[in-house]
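A short reminder: the numbers here are calculations on the coordinates, not readings from a lab. Nothing here was measured: the structure is a model prediction, and the numbers come from that model. Because the Cβ atoms are built from the backbone with ideal geometry, glycine has one as well, and the counts that use them run over all protein chains shown.
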Amino acid sequence: MSATGIAVAMLQVVLTIAAAPLLVGMMRLVRARLEGRVGAPIRQPWRDLRKLLRKERMVSANTGWVFSIAPLVLLASAALVAGIVPFLSTRSALDQVGDLFAVVYLLLLGTVFLSLAGLDAGTAFGGMGASREMTIAAIAEPTVLVAIFALSVSTGSSNLGAIVAATLAHPSTAASPESLLAFAALAVVTIAETGRIPVDNPATHLELTMIHEAMILEYSGPDLAMVELAAHLRLVVFLGLLANLFVPWGIATTVQPLHLAAAAAAVAIKLVALAATIAAIEVFIAKVRLFRVPELLAASFVLAFLAVTASFFLA
Amino acid sequence: MNDTAFVQLLDIAAGLVLVTSFAALWLRRLVAVARVIAVQGVALAAVAFVIGLYEHENELVAVSLMVGALRGVVLPGLILRAVRAGDERREVESLINVPAALLAASGLTLIAYAATRDVVALSSTPQVRALPLGVAVMLIGMLLIVTRRKAVLQIMGVLMLDNGIALVMFLGTSGVPLAVELGIASDVLLAMFILQVLTSRIRNKFGGTDLDQLRELRD
């Protein structure tokens, strides 16, 4: 683990935290414009976070320690993953120690703690949201594992940086059936895990079908700011994974400052394009019934499974 | 066309045939399933087209165009007509739920890979390596026939089964003579006509095509 590698990892974490709320703001703006509204400016999520951070911390007397540490665990795990995932360079220091399994289980750790916090307060909504989140996570997490695993079969390594570097070295593998199938599977899971339409609606409060908002109903002030920031970070992490695993061009293979700057610009363009596409599609589709969500996720699991079989038998 | 491009195009087209058969299990509306079967027919034709171009066999290219017209347009068109004739556009009554059907189909795909291992070992061409996909499509077609109640969907299952057989044929033999292919095509077309007539007669007589209700004798 070299000093420059650590610097790259730190840079990634800082840049991701700075950019995540802006990306969410841009998605909201795209949606608003397409729906004929003026919409809030792009920096609105940052303003919301700043406002929440200034407020007093209110905690229900009936909650335990899980409720207090859940936002910290959620934010810390999301920030750590933001350092592991190869956004800027394939030679990030954290990437050497953390691989595909570490990423998936760090993300799952945050999900589990948020669900426990939802249960901890003992409200009806919190429990409902937690049970729904677990239903989705139980199918979505294996799909992420299997989909990325399909890519790692041809590379021979479960290290994300190595997978990206291998795709860079052999550009034709980006259009192979296994990576197309894995891309489709991971795209569906990204939408489910980040709570977007058609699985969850990020814009609603107090609706009987919501998932994420139901769990965080009891949070306020700085705690809510941490949960929100972590949710934004997770969105960027998933979109970044999607962008860089399948379209890795532009990522730096060295740690030179100039290459890193170019890589940051490339990943920003990819993220903005991907996020704008998702936001635009969301305008045109409705949320599916909650009971149909497992069907959607089962389909994405099957796609990931087919990707693995294809990379084993066809390649 | 160079080797890498050929392998990728072939794998993508053959993979699309398999993915559409999963989509047919996943979708609920009859019209949507019929359209997916049409896409499957086009993907099947694409497989033959790619092989024909790569091996410079003009006859296979001609066959592929005919297969595309028949399985991509004519047969799905017949099914769509049968669907629209009845008032049962919103299906789908299945004996097993959708996630279970998808998992069963994944299992069948693995069985197809396992069962064709010896055949694949005989040759290392990309066509033969993709052969298990055809067997998997056949098995999933059978699954569709077994688990669905409506006669129209069972016809679609038969068509999918036949698409799988055709895929195995193209991949295994690099195309059969035009005369044989014409014979097969007319057979399938005739079978589709007969099944469609049968379905409409069942509907006229009993008011629906739910085959489970036809099992018991009534006065």
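In this entry, the range B:21-141 is assigned a mean projected area of 8.2 nm², taken as a quarter of its C-alpha convex hull surface.
The C-alpha atoms of the range A:3-313 occupy a region whose extents along the principal axes are 55, 44, 42 Å, arranged from largest to smallest. Going by the alpha-carbon gyration tensor, a ≥ b ≥ c the square roots of its eigenvalues, is the range B:112-217 rounded (a/c under 1.5) or, if a/c is not under 1.5, prolate (a/b greater than b/c) versus oblate? Cα axes put the range B:112-217 in the oblate bin. The simple Förster model, with R0 at 25 Å and r as the Cβ-Cβ distance, assigns A:SER68 and A:LEU290 a FRET efficiency of 0.25.
On full extension, the segment bounded by A:LEU168 and A:GLU35 gains 44.0 nm, given 0.36 nm per residue less the C-alpha separation.
Close amide H contacts of A:ASN201 (hydrogens built in the peptide plane, cut-off under 5 Å, sequence separation of 5 or more or a different chain): A:ILE211.
Simple spin-label estimate for B:PHE206 and B:THR173 gives 3.7 nm between the two label positions (7 Å along the Cα-to-Cβ direction from each Cα).
The GluC sites (Glu not before Pro) found in the range A:178-248 that occupy coil by DSSP, while having at most 16 further C-beta atoms within 10 Å, are A:GLU207. Here the simple spin-label model places points 7 Å from the Cα toward Cβ, and for B:VAL31 and B:LEU182 these points are separated by 3.7 nm.
Of the peptides B:151-162, A:161-172, the ranking by mean beta-carbon count within 10 Å, highest at the top, reads B:151-162, A:161-172. For the range A:35-139, trypsin sites (Lys or Arg not before Pro) meeting the loop criterion (DSSP other than H, G, I, E, B) and having at most 16 other Cβ atoms within 10 Å: A:ARG37, A:ARG43, A:LYS55, A:ARG57. Would you please classify the overall shape of the range A:177-315 from the alpha carbon gyration tensor, given that a ≥ b ≥ c denote the square roots of the eigenvalues, rounded means a/c under 1.5, and beyond that prolate means a/b larger than b/c while oblate covers the rest? Oblate, since a/c reaches 1.5 and b/c is not below a/b. The Cα atoms of the range A:258-315 define a convex hull whose projected area, averaged across directions, is 6.6 nm². Counting only other chain Cβ atoms within 10 Å of each residue's Cβ, the peptide B:98-109 averages 4.
Angle of helix A:124-155 to the longest C-alpha principal axis of chain A, folded into 0 to 90 degrees and rounded to 10: 0°. Using alpha carbons only, what's the Rg to Rh ratio of chain B with Rh from Kirkwood? Answer for chain B: 1.00. Between A:ILE6 and B:VAL74, the simple spin-label model (points 7 angstrom out along Cα→Cβ) gives 7.2 nm. Electrostatic tally near B:ASP11: other residues with Cβ closer than 15 Å to its Cβ, Lys and Arg +1, Asp and Glu -1, net -1. Taking trypsin sites (Lys or Arg not before Pro) across the range A:239-296, the ones in a DSSP loop with at most 16 further Cβ atoms lying within 10 angstrom of their Cβ are A:ARG289. Between the helical axis of B:151-173 and the dominant principal axis of chain B, each derived from Cα atoms, what acute angle in degrees is found, rounded to the nearest 10? Once rounded, the angle reads 10 degrees. Each principal axis of the protein assembly as shown carries a Cα extent, and these read 78, 62, 44 Å when sorted largest first. Principal-axis analysis of the Cα atoms of chain A puts helix A:100-120 at an angle of about 10° to the longest axis.
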